[in-house]
Amino acid sequence: NKIVIGWRQFNTVTSNFRQAGYSYTTNGGQTWTFPGVIEPGIFRSDPVLDYDVDGNFYYNSLTNNPDYFCKVFKSSNGGVSWNSGVAAQGGDKQWMTIDKSTSPGSGHIYAFWTNFYSTCYPGFFTRSTNGGGSFENCITIPDEPSWGMLMVASNGNLFVCGTSGSSYDFVVARSTNAQISSQPVSWDMYTIVNLDGAITYGIGPNPGGLGGQTSLAVDTSNSPYHGNVYLLCSVERNSNPDPADVMFARSTNGGVNWSSPARV
C-alpha cells in the first residue's frame, strides 16, 4: 500500500531551477502527502526511485553543482522522511535498480549514467552492496551504453541496456557476478541489438531533449516465458522517415540473440 513518487520540482515557470520533489501514500494511492522537497534550495534533477525487499525506498538524484554528482537518499518509513543521502558517483541521465531476487545479490543497488558526463570518467557504473551505505568506485561497461536502464533477473544476473557508444544501434550487457559482493563486477556478455533506428536528440517530436530512452524488461514469472529479455525504444527509423516509432525486440536465450525489430 505504500508508494513514493519523485519529480523535478519547478517552483516557477520563469526559472529552470529545480529541486527533488517527492510525495508518498500509505493507502495504495487514494490520498497523497506532499511534504516538500528532499533538500530545500539544492538544485536536483533526473529522479529515479526504487525499493528493496524490506520495504525501504531509495531516491537517486542528480545535481549540477559543481558537477553531475548523484546522491542516493533512503527512507525506511515509506517516504515520510529521508536520510541525508550518500554520494553515489554519477553523471547525467543516471538510472538505478535494486536486486529483489533471492540471489546472493538481494538488496544490491546498481546505477549507471552517460559516460560523457561522468564524474569518474572513464567509468560510469557503480554498485552498493550494503543497502546504500556506500557506493563502489566507477567501472566501465562494454560498448558504453547510455540513455537506458538496468534490470535484475530472478537468478540475480544484472542486465544493462542503452544506445551503443560506437554505433547507432543498441547494446545489452550482462553481469553474472555483480550479485557476488566479494568480486569486482565484470561483464560476461554484451550484444549489439538492431531496433532499426536510433534515439534522437534536439529534434522533433521533442526538440528540448531526448526523443526516447531505452527500456529493458526481464521475465521473472513462473510462466513458459521465464528468463526472456525484452528491449524497447522510441527511435528515428532507418527504413522510413518516421521520427519516433516505438521499436521492440526479444531474446529467448538470456540476451545472446535477438529477434528482428518489430514496431509497436
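The values are calculated or read from the model by the stated rules, or taken from the named source; none is laboratory data. Bear in mind that the values here come from a model prediction, so they are computed numbers and not experimental data. Quick reminder, even Gly has a Cβ in these numbers, built from the backbone with ideal geometry, and neighbours come from all protein chains shown. Areas reflect the complete protein model, heavy atoms only, side chains present, ligands, DNA and RNA absent. Shrake-Rupley method; radii C 1.70, N 1.55, O 1.52, S 1.80 Å.
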Subset of the stretch 160-187 [open to solvent by less than 40 Å² (accessible area, probe 1.4 Å) and in a loop (DSSP other than H, G, I, E, B)]: Ser164, Asn177, Ala178, Gln179, Val185
Gly79 vs (1) modelled with pLDDT of 95 or more; (2) closer than 30 Å to Tyr201 by Cα: all pass except (2)
Could you please let me know if Phe135 is touching a residue at least 40 places away in the same chain (Cβ under 8 Å), part of a loop (DSSP other than H, G, I, E, B), under 23 Å from Tyr59 (Cβ atoms) and aromatic (Phe, Trp, Tyr)? yes
Going through (1) in a strand (DSSP E or B); (2) open to solvent by less than 40 Å² (accessible area, probe 1.4 Å); (3) touching a strand residue (DSSP E or B) at 6+ places or on another chain (Cβ under 7 Å) one by one, Lys74 fails only at (2)
Does the stretch 148-159 contain at least one residue that is farther than 27 Å from Ile5 by Cα and surrounded by fewer than 24 Cβ atoms within 10 Å (Cβ to Cβ)? yes
Step by step: first the residues of the stretch 241-253, then only those that are at pLDDT 95 or above and in a loop (DSSP other than H, G, I, E, B), then the one that is farthest from Pro205 (Cα to Cα). Which residue is that? Asn253
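Scan the strands (runs of 3 or more DSSP E) fully inside the stretch 1-49 and keep the ones with 3 or more residues being surrounded by fewer than 19 Cβ atoms within 10 Å (Cβ to Cβ) and either touching a His at 6+ places or on another chain (Cβ under 8 Å) or not charged (D, E, K, R) (or both). Break it down into steps so the answer makes sense when it comes.
Details: elements: 3-10, 18-25, 33-37.
Per the criteria, 3-10, 33-37.
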What number of residues in the stretch 97-113 are aromatic (Phe, Trp, Tyr) and assigned to a loop (DSSP other than H, G, I, E, B)? 1
Breaking point among (1) among the β-branched types (Val, Ile, Thr); (2) buried (at least 20 other Cβ atoms within 10 Å of the Cβ); (3) over 26 Å from Leu49 (Cα atoms), for Ile203: (2)
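Restricting to the stretch 201-229, count the residues that are of a type in the set (S, T, N, Q), closer than 24 Å to Thr140 by Cα and assigned to a loop (DSSP other than H, G, I, E, B). It would help to see each step written out before you state the result.
Step one: filter the stretch 201-229 for residues of a type in the set (S, T, N, Q), giving 206, 213-215, 220-223, 228.
With closer than 24 Å to Thr140 by Cα added as a condition, the list becomes 213-215.
Adding the requirement that they be assigned to a loop (DSSP other than H, G, I, E, B) leaves 213-214.
Qualifying residue count for the region: 2.
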Of everything in the stretch 225-237, what is free of Cβ contacts under 8 Å to residues at least 60 places away in the same chain and surrounded by 14 or more Cβ atoms within 10 Å (Cβ to Cβ)? Give them in sequence order. Asn228, Tyr230, Leu232, Ser234, Val235, Glu236, Arg237
